[in-house]
Amino acid sequence: MDTLLHSPSSMAKRPCPSQNPRIPNLNQLDRDQLLDTFLEFSDSPPFAIDLSFERLLESRSCDADQTKLIDRALQLGSVLLEAAKRSARKRASKHNSLTWALPPDLTIKVFSMLDTQSLCYAAATCSMFNKCAMDPSCYANIDLTTVVPKVNNAVVSTMIHRAGKALQSLKLGVVPGPTTPLGSCQPLVYTIRNSVDVTNFSWNDKRSRQGKESSVLTRSCLSPLGGNSGAPGTLLRRLHLYNIERMDNTSLCGALVACPFLLDLEIVGLHVELRQTLQSVSANCHLIERLFFESSKTGRDDSLKSPTCVDLMTACPHLTSLALRGFKLHDYKVRILLKGLRKLKYVDFSTSYSITGAFLRNLGSNTGGNLLEVLILRDCMHLKMVEAARLMTAVLAGDFKFLKHLDISNREGLASENDWYHRCYSTSTIPIRRVLEERPNLCLLAEFPPEGSYADIDQMFDSEPYSDISLPSASQMSSPSSDGSMFVSFSESSYNSDHGSGNEDARDAGYVIYDESSDECCLYEMPAQI
């Protein structure tokens with residue numbers, strides 16, 4: 001009895017099938033036939049397959065076997081689904097290859113002409129298009145500007161690395177929404193006060209996105225441009241940056257170091273200093289031809305110094321387009337730039353503070369400024385009526401022969417001779433009609449509000465200082481009216497200013513001021529103190 005109780009053979013349990021898995025030894029032909037037979041069940045009613053699987057599951061007495069059977073069914077279904085999708089894509093790609101009329105090289109050429117968003121859509125269409133869209137030439141001109149923040153550093157890095165050394169143009173940041181009608185003012189700086197309402201977007205949404213770090217560009221977004229000698233920024237020709245809140249001077253200057261052949265630089269709404277930025281441009285971008293810089297805080301940046309102006313005109317003699325909008329400039333500094341940069345054709349100092357217009361005296365001849373085609377001084381708070389009249393007289397005298405567009409409009413009128421608080425709204429002292437008659441090809445804009453619309457000074461100072469100013473961009477320049485006369489616009493809001501007068505240039509100590517009655521100007525006399 002004891003022998004029977006302790007006999008191993010008498011107490012042996014039925015082995016669980018999971019302990020001895022049956023692994024079928026099938027060759028490729030048998031496997032294909034089995035799969036073909038299995039796929040024929042797709043024509044069977046779903047409930048029939050359910051019943052068959054339930055019976056198969058009940059035939060497993062061990063719970064572990066039942067669990068394993070379910071897992072294998074799920075795995076097999078997933079594998080078959082992915083295999084079917086891959087085969088469908090291959091068939092579609094083969095079909096596209098046969099029906100697509102263009103060879104791969106021409107397809108790549110077409111894709112290289114698309115904007116970045118359209119290129120991404122095309123790449124997601126099929127594997128053939130995806131392969132063509134991965135060519136570096138397709139990413140030579142990257143435009144990732146958006147109306148609301150939805151691009152992060154990872155997207156920028158991916159695009160730049162796809163382009164490699166083929167990268168020629170890069171545009172990043174948040175730009176204003178749909179442009180307003182021709183002749184109106186549209187700001188480029190994107191702030192809380194002038195943010196556009198697009199698809200119920202609000203700045204609270206933007207802040208929340210920034211907090212999640214999902215759709216925001218940081219100061220390191222331009223780091224992929226740098227690196228070794230084969231870095232993508234080596235051959236970059238155009239760099240446009242719009243309202244990247246977290247960009248700082250160190251990061252921007254680091255990016256400019258990596259772009260020695262830059263020709264076109266546009267900076268709007270970045271929290272960077274004018275002086276440091278111009279110093280970096282002078283040190284690294286000697287071939288630059290266009291510089292557009294709009295301040296993020298109108299009238300607050302007073303960092304520009306005379307030596308910086310001298311360095312810029314010396315190191316960047318090829319500049320033909322210069323826009324410094326919303327900065328606190330002074331006439332003698334601006335004059336250094338205009339006299340030194342002899343190839344300038346486009347100049348825009350809109351919304352700049354402290355400019356009275358005195359820098360225009362004796363310009364427009366062979367001493368500098370003679371090649372100017374566009375001169376925009378719109379909404380310069382301290383621009384004087386008398387200086388505008390002198391400019392018109394110079395135009396009538398034959399100076400500024402190539403000038404095609406002149407804008408001296410001001411939403412609060414021009415400043416008087418002795419007191420900028422007193423505004424001038426009448427153009428009777430400016431020979432506008434005569435200029436238009438003698439220079440019919442000149443588009444002259446002199447938009448002023450009716451007299452008395454200027455806000456009370458005390459009330460102006462009580463309001464929030466340096467409110468954002470709406471201005472047309474260079475690409476939105478107004479054209480003259482049908483009769484060739486000037487436009488007249490009406491302003492609803494006041495243009496806030498600092499407490500300083502336009503004559504308080506706060507000149508650097510020791511700087512030699514040019515003689516207003518002479519064409520001579522000491523450009524290289526350095527200040528005793530900076």
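Applying 0.36 nm per residue to the separation of T367 and D105 and subtracting their alpha-carbon distance, the gain on full extension is 89.2 nm.
Remark: for residue pairs K297/K328; K171/K305; K305/K404; K343/K401, the C-alpha separation exceeds 20 Å in K171/K305; K305/K404. Taken per residue, the accessible surface of the range 303-440 reaches 31 Å², heavy atoms only and a 1.4 Å probe. Taking every protein chain into account, the accessible area of the range 58-150 amounts to 66 square angstrom per residue (probe 1.4 Å).
Were the residues from F53 through R246 laid out at 0.36 nm apart, the gain over their Cα-Cα distance would be 63.6 nm. The lysines within cross-link reach of K131, meaning a Cα-to-Cα straight distance under 17 Å and a gap of 8 or more places when in the same chain, are K90, K94, K109. Among 407-414, 271-278, sorting by the average number of other beta carbon atoms lying within 10 angstrom of each residue, highest first, gives 407-414, 271-278. Modelled this way, with points 7 Å down the Cα-to-C-beta line, the labels at E417 and K401 are 3.2 nm from one another. Report note on the peptides 142-151, 81-90, 104-113: ranked by the mean count of other C-beta atoms within 10 Å, highest first, their order is 142-151, 104-113, 81-90. Rolling a 1.4 Å probe over the protein chains gives C132 an accessible area of about 10 Å². Each residue was assigned an accessible area with a 1.4 Å probe, and for D43 the value is about 140 Å². Using the beta-carbon distance between T67 and L29 and R0 = 41 Å, what value does 1/(1 + (r/R0)^6) give for FRET efficiency, to the nearest 0.05? The pair T67/L29 has a calculated efficiency of 0.80. Each residue was assigned an accessible area with a 1.4 Å probe, and for Y346 the value is about 30 Å². Computed 3J(HN,Hα) for the range 295-310, one whole-Hz value per residue from the Karplus formula 6.51 cos²θ - 1.76 cosθ + 1.60 where θ = phi - 60°, is 5, 7, 9, 4, x, 9, 7, 10, 7, 5, 10, 4, x, 5, 5, 5, glycine and proline marked x.
The values are calculated or read from the model by the stated rules, or taken from the named source; none is laboratory data. Keep in mind the model is a prediction, meaning the values are calculated, not measured. Backbone-built Cβ (ideal geometry, glycine too); neighbour counts: all protein chains shown. Accessible surface is based on the protein model in full, side chains and every heavy atom, while ligands, DNA and RNA are left aside. Shrake-Rupley method; radii C 1.70, N 1.55, O 1.52, S 1.80 Å.
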